[in-house]
1. Where in the chain are the helices (runs of 4 or more DSSP H), entirely inside, with at least 2 residues that are touching a residue at least 24 places away in the same chain (Cβ under 8 Å) and surrounded by 14 or more Cβ atoms within 10 Å (Cβ to Cβ)?
2. Which of the numbered conditions does S77 fail, given that it passes all the others? Conditions: (1) modelled with pLDDT of 80 or more; (2) more than 12 Å from the chain's Cα centre (by Cα).
3. So, of the residues in the stretch 1-45 that are acidic (D, E) and at pLDDT 85 or above, which turns out to be nearest to L58 (Cα to Cα)?
Amino acid sequence: MGSFKRAYSEARGKAVKVVGSPAGCDSRLWRNIAECPTIQFGPGNLAQCHAVDEWLDLEALLTVYLDLCRTDIGLLSGLIQCS
């Protein structure tokens, strides 16, 4: 969670808002049954999700890609040592 929060803050210039999801999601199974920490995160507005006229703003998608790439870099930087 720490790597994600830092990456989000770097990419967006603001702190991430951590809240419970108002919608059903399989992440609850990973957390509650498998005891695996999860983050439910993605582009768009929940009200548009899985609607008849569902759509996604390309800029929102690209911003999420940046957030996730920065998170990966943050996680991997502790595992990979460059000489």
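1. Ranges flagged: 2-12, 58-77.
2. Only one criterion is unmet by S77, namely (1).
3. Across the stretch 1-45, the extreme among qualifying residues is D26.
The values are calculated or read from the model by the stated rules, or taken from the named source; none is laboratory data. This structure is a prediction, so every number in the text was calculated from the model and none was measured. Reconstructed Cβ throughout: ideal geometry from the backbone, glycine too, with neighbour counts over all protein chains shown.
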